[in-house]
Amino acid sequence: MTNFTVRPMVLSDLPAVLAVQASCYTEVLLEGESALASRLALSPATCWVAHGPAQRGTLAAYLFTHAWPEDSLPPLDGVLDDGWRPHTAPDTLTWFVHDMAVAPGGRGAGLAPRLYAAAQAAAHAAGLRRSRLIAVQSAAPWWRRLGYAPVPAQTAARHAGKLAAYGASAVLMERTLAG
């Protein structure tokens, strides 16, 4: 079994991240480098990658997360900035888990839980106490195992426009982070 290293993501990881993304998602869910770079810039402490020494530069998995105002959703493939920060009370922020993918060569090695735990620790240290995500491609059962549950129907309805971009089976989910 290959030993994988989990570490914070850096900008030079993005070409490899795009390759992993292409191996995991349907075309409608693929995001461009500028959109992903903006998420990394928004919260470098909560974006992580996993790679193995034998793979020499080929990433096995990645995770993008960031703080976001709880009353909205970031757009799919949209470039984000932090212009909302000065106008947003810290207790109205959520830890948004934007995108996690594990390449075929990394599957079965427990990388997703490791990436999630590393990012969650950083989010918790930043004072975030709630989390949201949009589960795609039938991933909702996996997220349920981590404590996420679908948001109430009226909350999902408020975000129907942005949710539609993620596909018909997209599920907006949330959880409270342990104190």
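The table below gives the values:
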quantity	calculated
Test: residue in the stretch 42-50 that is under 25 Å from S138 (Cβ atoms), in contact with an Asp or Glu (Cβ under 6 Å, 6 or more places away or on another chain) and of a type in the set (A, V, I, L, M, F, W, C)	yes
Set A22, A50: member being crowded, with 22+ Cβ neighbours inside 10 Å and more than 13 Å from the chain's Cα centre (by Cα)	A50
Lone qualifier among Q120, Q154, Q137 - being among the polar types (S, T, N, Q) and within 19 Å of R39 (Cα to Cα)	Q120
Test for A37: is it under 29 Å from S169 (Cβ atoms), free of Cβ contacts under 8 Å to residues at least 60 places away in the same chain and crowded, with 21+ Cβ neighbours inside 10 Å	no
Checklist (1) surrounded by fewer than 21 Cβ atoms within 10 Å (Cβ to Cβ); (2) under 21 Å from A165 (Cα atoms) applied to T88, failing item	(2)
Tally of residues being at pLDDT 95 or above, hydrophobic (A, V, I, L, M, F, W, C) and more than 17 Å from A103 (Cβ to Cβ) across the stretch 1-31	2
Qualifying residue in the stretch 65-73 (condition: touching a residue at least 40 places away in the same chain (Cβ under 8 Å), in contact with a His (Cβ under 6 Å, 6 or more places away or on another chain) and more than 19 Å from V136 (Cβ to Cβ))	no
S34 at pLDDT below 95, in a helix (DSSP H, G or I) and of a type in the set (S, T, Y)	no
Boolean, A112 is assigned to a helix (DSSP H, G or I), touching a Ser or Thr at 6+ places or on another chain (Cβ under 9 Å), closer than 21 Å to A60 by Cβ and small (G, A, S)	no
Any hit, the stretch 94-105, residues being surrounded by fewer than 18 Cβ atoms within 10 Å (Cβ to Cβ), in contact with a Ser or Thr (Cβ under 7 Å, 6 or more places away or on another chain), farther than 23 Å from P152 by Cα and of a type outside the set (S, T, Y)	yes
In the stretch 140-175, the residues that are modelled with pLDDT of 95 or more and either closer than 18 Å to L30 by Cα or among the hydroxyl-bearing types (S, T, Y) (or both)	Y148, V171
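For every residue, the table says whether it meets (1) in a strand (DSSP E or B); (2) of a type outside the set (V, I, T).
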| position | (1), (2) |
| --- | --- |
| A45 | no, yes |
| V49 | yes, no |
| A60 | yes, yes |
| H66 | yes, yes |
| S72 | no, yes |
| G78 | no, yes |
| G83 | no, yes |
| W95 | yes, yes |
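The values are calculated or read from the model by the stated rules, or taken from the named source; none is laboratory data. Bear in mind that the values here come from a model prediction, so they are computed numbers and not experimental data. Here Cβ is always computed from backbone atoms with ideal geometry, including for glycine, and neighbour counts include all displayed protein chains.
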